[in-house]
Amino acid sequence: MQNYFSKSAEETLNDFKVTKEGLSDNQFKSNLETYGHNELSEKKKATVLQVFLSQFKDLLVCILIVAAIISMATGNVESTLVIFAVIILNAILGTVQHFKAEQSLDSLKALSSPTTKVFRNGIKLEVNSKDVVPGDILVLESGDLVVADGRIIENYSLQVNESSLTGESESVNKTIETIKEEEIALGDQKNMVFSGSLVTYGRALVIITGTGMSTELGKIATLMDQTQEKKTPLQANLDDFSKKLAMAILAICILVFILSIYREVPILDSLMFAVALAVAAIPEALSSIVTIVLAVGTQKMAKEHAIIKKLKAVEGLGSVSIICSDKTGTLTQNKMTVNKVYVDNKLIDGTTLNLENSVENYLLKSAILCNDSTSKDGKEIGDPTEVALVNLSHKFTIDELSVRNDFKRLAELPFDSDRKLMSTLHHFDDKYLIFTKGAFDVLLDRIKFIKTSEGVRKISYEDKQNIINTNKQLSQNGLRVLAFAYKEVAEPTELTLEDEHNYTFIGLISMIDPPREESAIAVADCITAGIKPIMITGDHKITASAIAKQIGILRDGDRAIEGLELDKMSDEELNANIEFISVYARVSPEHKIRIVRTWQEKGQVVAMTGDGVNDAPALKQADIGIAMGITGTEVSKDAASVILTDDNFATIVKAVANGRNIYNNIKNAIKFLLSGNASGIISVLYASLMALPMIFAPVHLLFINLLTDSLPAIAIGTERSRKDLLKDKPRNTNASILSKDFILEIAVEGFIIAIFTIIAFTIGLKYDNAIGSTMAFSTLCLARLFHGFNCRGNRSIFKLGLFTNRYSWMAFGTGVLFLNLVLFVPFLKKLFEVATLNSYQIGMIYLLAFIPTVIIQIIKIIQDLIGGNKETSSPQDIKIEEDKRNIA
Ligand code: ATP
């Protein structure tokens, strides 16, 4: 392995036979062939066979195998065959589910994988991080993730956080100087950058020297298992519940076994029955249904511009009660256009600048020079604030690139949202001038002189008052105001923060960035949904308040405060006042963490947006960290659990609605599975306690549990959002999904179905035992299929729309078809131990199976009518509806 830190930038370029223009297409191809993709080796994915075999590790399958052995022992060959068929079918289904879920997670991962900028053939390209090769010229800017190891060949104050490699939490300053020593620690290789680190400041050009497993990260990385995701809290909660339930069921099974023995049923038959009951009652499908519903839900959300990086965010989204959002680009369009400018003591339209006037000329030139963006043929590259300035220069047919060529940049201090300033040094007007632009209030304090058409003079109190008043006037109209100033230095040097003082004021440029059309509606939706929307912005308080008022975030009685005011507040004060604060202006990323924490201490679930490199800690602290897909830095995307591909606030609100819907669907699917199982257990317990013949043959229970149960549950999981979903209040995260009310509902519904199963059994017993159990089995199976419709939502089927979920009809149709095959095909009849029924008995089965659904629907209709249903509007919602109208 070469030590590139001891080679000069030129030597390294020569080693890879490349210039700063980057690799040619052929070089790239050949390097890709030699070195491969820039990826860390992943743990090998399990093969289909491995996944298939792993299905047999399940507790349920073990029980089934025991059942098959007992069947064999009792000479019941058909049953044994059925059980084995069921085991294999179950394993196939499990395997398919595994790969489906993995596929959908992989496609989400591909959507959120990092990109990086490289020069190839002299052109700057954005490429996927896995597609960079040694020899590529990498462009690093503040907020980027370093995706490979490289030697710095151009450096503009680059600072990098290498904590993932060195453990050092402070950022390190990088340099281009060659290092003489032979052996030095990673942290001292100041002219190198390493994969896995974050660019926190500045810019640099880097030639890539190592990719994939030959990076320093690759050397220390243990094989990464990227396919497995940790269980979500809901999944963990359900797993825990399932285990406890399994214990309770086991106790019931032992009771049933003892009762059977007591009633002198042969031991093996009793055992077989107890085992089948366990299979029927253990809700083994719960966890996989949750995974499927989550996976399907996240696919839908990705189509609606919200990429979910961590499955647990879906659950969190459903319970969000606070959304803290950036202003620029998220609530506004981020399409800036220069409006008024204040220069030479007058406020004029930007397009009417007189370039003969030396101050106005300085203003436009500084706007072009202290600027990294370009705009050509409608293609705008760079920060929209800066693009607006370039577009202004085009109004005067001035080409930004030729001005930048005439007055080359000799040094710079890049913009960062903490400092809120940007400075560049140029040889201009035969002098060395630092041009600085930035936040009005930050720059104003550093101004000592003012440039007017009469010359430069000391700035007076009056001058300052005029500037302050103008800023106020412009900001009140929601305009963003940038201040421009310059300062002369004796000779060209590297710039330091000390240089950003003692300025000469040039002027103010204001720009308009209208709110997105959908923002006001989304804000109103938030309020209806019991979610408090909060604006957190680096912009000026007056500008921020004006926009916040327009879109309904800042309402009567709400406050807007600045970062400085926040600093002065004690934790107690903030805690007491936070509910009234809707706008935080001039904040730096550190403030965001404090705001999130304070809300969290109040038990709220906070979603927070962020785009900058310094936003990462706040995004991690928030319950749901949301990064901007278009304008966000790679660092922020890395830290977030959700990425918005359209940077739009309205998308967050949509994602919250989707999160709530997915949670409800999961809850309904659980209700379906558990109430169905409960009905089976109650029926069996009844028969055992009443010393009646066996109500179900073991194969009946297996049939219901494994063949007709999962489809309706999945169909319930695909239920679309109700229109009024956002009228519900946010879910309390402390409340378990399995609340007392919920378990009571499950028990009541299970009980109703069980009653009619028992009635069918009683009718059948009048003919003989076989007809009794066939009728009980068919009624239970059908009633559960009907029950699939009841579990689509809390409201009656008429409110939900009878035909709005075609999957539930497909699931129902398939189940009914299976049942009829078993009832009527002679070979299957024998296999599944069903007796021949006459048309009266068949009619009774359908009638008795349908009645529970009629009863449950009547209860729902009554609840809908009296408003007892939790999903109908409550008086509080109606008040908020009025608010919504006021905002409109
Ligand atoms: P938000 O925090 O809502 O996303 P923002 O763009 O206002 O939006 P920052 O990017 O942190 O937040 O900008 C803070 C302030 O810094 C702005 O109000 C502006 O005055 C100034 N500013 C923004 N961009 C630049 C820039 N490219 N150069 C110099 N100053 C800038």
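Since every read-out is calculated from the coordinates, none of them should be taken as a lab result. The structure presented is a predicted model; accordingly, all values stated were derived computationally and were not measured. No Cβ is skipped: glycine too gets one built from the backbone with ideal geometry, and neighbour counts run over all protein chains shown.
Values computed for the structure shown
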{"quantity": "Span from the the stretch 738-754 Cα centroid across to the the stretch 313-340 one, whole angstrom", "calculated": "41 Å"}
{"quantity": "Surrounding net charge for Asn469, when Lys and Arg each add one and Asp and Glu each subtract one, Cβ distance under 12 Å", "calculated": "0"}
{"quantity": "Residues with amide H under 5 Å from that of Ile536, placed H, sequence gap 5 or more", "calculated": "Ser325, Asp326, Lys327, Tyr584"}
{"quantity": "Placed amide H near Gly552: partners under 5 Å, 5+ positions off or other chain", "calculated": "none"}
{"quantity": "Cβ crowding within 10 Å averaged over residues, with 446-453, 271-278, 554-561 ranked highest first", "calculated": "271-278, 446-453, 554-561"}
{"quantity": "In sequence order, calculated HN-Hα J values of the stretch 335-348 (Karplus, 6.51, -1.76, 1.60; Hz; x Gly/Pro)", "calculated": "10, 8, 9, 5, 10, 7, 10, 10, 8, 6, 6, 9, 9, 10"}
{"quantity": "Residues with amide H under 5 Å from that of Glu562, placed H, sequence gap 5 or more", "calculated": "Ala585"}
{"quantity": "The stretch 728-818: chymotrypsin sites (Phe, Trp or Tyr not before Pro) falling in loop per DSSP and having at most 15 other Cβ within 10 Å", "calculated": "Tyr767, Phe803"}
{"quantity": "Flagged links, alpha-carbon separation over 27 Å, of Lys379/Lys620; Lys174/Lys312; Lys130/Lys327; Lys303/Lys620", "calculated": "Lys379/Lys620; Lys174/Lys312; Lys130/Lys327"}
{"quantity": "3J(HN,Hα) from dihedral phi, the stretch 24-39, Karplus parametrisation 6.51/-1.76/1.60, rounded to Hz, x for glycine, proline", "calculated": "7, 4, 5, 4, 4, 4, 5, 5, 5, 5, 5, 9, x, 6, 7, 9"}
{"quantity": "Inter-label distance, nm, simple model (7 Å from Cα along the C-beta direction), Val489/Thr19", "calculated": "3.0 nm"}
{"quantity": "Radius of gyration, Dmax [the chain; alpha carbons; angstrom]", "calculated": "34.3, 115"}
{"quantity": "Of all DSSP beta bridges in the chain, antiparallel share, percent nearest 5", "calculated": "75 percent"}
{"quantity": "The stretch 339-512: relative contact order in percent, alpha carbon pairs under 8 Å with at least 6 residues between", "calculated": "26 percent"}
{"quantity": "Packing-based ranking, highest mean first, of 258-264, 596-602 given that Cβ atoms within 10 Å are counted", "calculated": "596-602, 258-264"}
{"quantity": "Among 853-860, 619-626, 158-165, the order from most to least packed when residues are scored by Cβ within 10 Å on average", "calculated": "619-626, 158-165, 853-860"}
{"quantity": "Two-site label geometry, Phe84 and Leu847: point separation in nm, points 7 Å out along Cα→Cβ", "calculated": "4.3 nm"}
{"quantity": "Rotationally averaged projected area of the stretch 339-512 (alpha carbon convex hull; nm²)", "calculated": "9.5 nm²"}
{"quantity": "Vicinal HN-Hα couplings computed from phi for the stretch 61-72 (Karplus, 6.51 cos²θ - 1.76 cosθ + 1.60; Hz; Gly/Pro x)", "calculated": "5, 4, 4, 5, 5, 4, 4, 4, 5, 4, 4, 4"}
{"quantity": "Acute angle (nearest 10 degrees) that the helix 769-790 long axis makes with the longest principal axis of the chain, alpha-carbon atoms", "calculated": "20 degrees"}
{"quantity": "Farthest positive-ward along the chain dipole, Cα basis, beta-carbon charges - from Phe580, Phe16, Gly813", "calculated": "Gly813"}
{"quantity": "Loop sites in the stretch 446-516: GluC sites (Glu not before Pro), DSSP, at most 11 other Cβ within 10 Å", "calculated": "Glu454"}
{"quantity": "Rounded to 10°, Cα long-axis angle of helix 541-551 versus longest principal axis of the chain", "calculated": "40 degrees"}
